[in-house]
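Q: Have a look at this one.
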Amino acid sequence: MSLRKRNIQPVLGHSIEDLVDPEHEYRRLLAVVPFEALCAPLKKKYSNLGRGGYPIASMFKALVIQWMEDLSYRELERNLKENLASKLFCGFQLTDATPDYSTLCEFSLRVGTQSLSELFLAVRDSLKSAGLVREVFTFIDSTHIIAKSNLWREKDRLLETGRGKLANLNVSSVAVDPAARFGRKGNTKWYGYKTHVGIDMSHGFVTRTAVTAANVEDTKAARYVMPKEGMVFGDKAYGVGESAYEMRRCGLHSGAILKNGMNAKNPDKDKWLCSARMPYEGYFSKIQKRARYRGIARNQFQAFMEGLAHNFKLLARIGVPLIFGHEYA
């Protein structure tokens, strides 16, 4: 006889509420984020006809768990079956059926990057309303995302057809992911993408994130993650070129470190700027350095989910409840 037929919950005399630690991180997150209101815009992705499926908010919370715990879709499926805290967080009871990996993957595809960006902005606006994001001081930087490590097969294809050496000009014609490019940041060389991030320095919340091909310079992509006001902290890449121009154009104060030989170079100031942005550089040690998907759009989905996961973890520790506007209620 199956567990569902035996109705194990009444036999044990406990509900899932009794079995999860009252101070669990997921409980604290449920207390401060109204997921039903946040996920309301996603309802338009589904029809009211036919048999009902899993609740949309439950599915989105499952994706949050995936990125908070760094799980694959198959690992997430098992987590939802076996982890009581995950069941509670997603709104499932002990004997409820939970989604399998294909359902979870299909849901992430149906949500898409555009809708996820709207949820990301809704969370950011709510953080601003709660006074947790102020955009007085903003730290910006980027990190690499590796799309593929071994490109010997692509190199051989070009040599066999006499099209020269593998480079950014011809890699798209032989690569599985045609949007990826070769990039270099310091001494690090890779093939893939860059994730550019803006972090509010009041509490460390991610306010903006953007994905570009790896060959796009930081100074050119800085405009995607710059705030609308305040002071911008960054490394030497942001003190010159298009990023410096964009700061002046938008009336932002530059906190970027200047390159050696520049007239306004001040070593003492640079030392203070480095110490001020150092606590926020830790964000890049927590996100993935490998691409889960192909193409800029899907890797942007990854960047948004990583930003949301970071913000939710931080919010669970701070404990300030969020309120979403009427358009999300």
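The values are calculated or read from the model by the stated rules, or taken from the named source; none is laboratory data. These numbers come from a predicted model, not from an experiment. We place every Cβ from the backbone using ideal geometry, glycine too, and count neighbours over all the protein chains shown. What goes into the accessible areas is simple: the full protein's heavy atoms, side chains included, and nothing from ligands, DNA or RNA. Shrake-Rupley method; radii C 1.70, N 1.55, O 1.52, S 1.80 Å.
Q: Among (1) under 28 Å from VAL123 (Cα atoms); (2) open to solvent by 10 Å² or more (accessible area, probe 1.4 Å), there is one condition ASP200 misses while meeting the rest; what is its number?
A: (2)
Q: Of all residues in segment 213-247, count the ones that are outside any loop (DSSP other than H, G, I, E, B) and either touching a strand residue (DSSP E or B) at 6+ places or on another chain (Cβ under 8 Å) or among the aliphatic types (A, V, I, L, M) (or both).
A: Total satisfying the criteria: 15.
Yes/no per residue for (1) more than 22 Å from ILE146 (Cα to Cα); (2) without any contact (Cβ under 8 Å) to a residue 12 or more places away in the chain; (3) part of a loop (DSSP other than H, G, I, E, B); (4) under 12 Å from the mean Cα position of the chain (by Cα):
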position	(1), (2), (3), (4)
LEU273	yes, no, no, no
ARG277	yes, no, no, no
TYR283	no, no, no, yes
TYR293	no, yes, yes, no
ALA297	no, no, no, no
GLY307	no, no, no, yes
VAL320	yes, no, yes, no
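Q: Follow-up. Give segment 184-207 a look and list any residue that's free of Cβ contacts under 8 Å to residues at least 60 places away in the same chain and either in a strand (DSSP E or B) or closer than 29 Å to LEU119 by Cβ (or both), or say none.
A: If the condition is that a residue be free of Cβ contacts under 8 Å to residues at least 60 places away in the same chain and either in a strand (DSSP E or B) or closer than 29 Å to LEU119 by Cβ (or both), then ARG184, LYS185, THR188, LYS189, TRP190, TYR191, LYS194, HIS196 are the ones that fit.
Q: Shifting gears a bit: Can you pull out every residue in segment 130-171 that is within 26 Å of the chain's Cα centre (by Cα) and either part of a helix (DSSP H, G or I) or of a type in the set (Gly, Ala, Ser) (or both)?
A: Listed by number, the residues that qualify are ALA130, GLY131, SER142, ALA147, SER149.
Q: Do you know which of the residues in segment 116-142 that are open to solvent by 10 Å² or more (accessible area, probe 1.4 Å) and polar (S, T, N, Q) is nearest to ARG181 (Cα to Cα)?
A: Of everything passing the filter in segment 116-142, SER117 is nearest to ARG181 (Cα to Cα).
Q: Consider LYS44 carefully, then state whether it is in a helix (DSSP H, G or I) and open to solvent by 30 Å² or more (accessible area, probe 1.4 Å).
A: Answer is yes for this residue.
Q: Suppose we filter LEU71, LEU76 for residues that are under 27 Å from ARG317 (Cα atoms), modelled with pLDDT of 95 or more, outside any helix (DSSP H, G or I) and aliphatic (A, V, I, L, M); which single one remains?
A: Unique residue meeting the criteria: LEU71.
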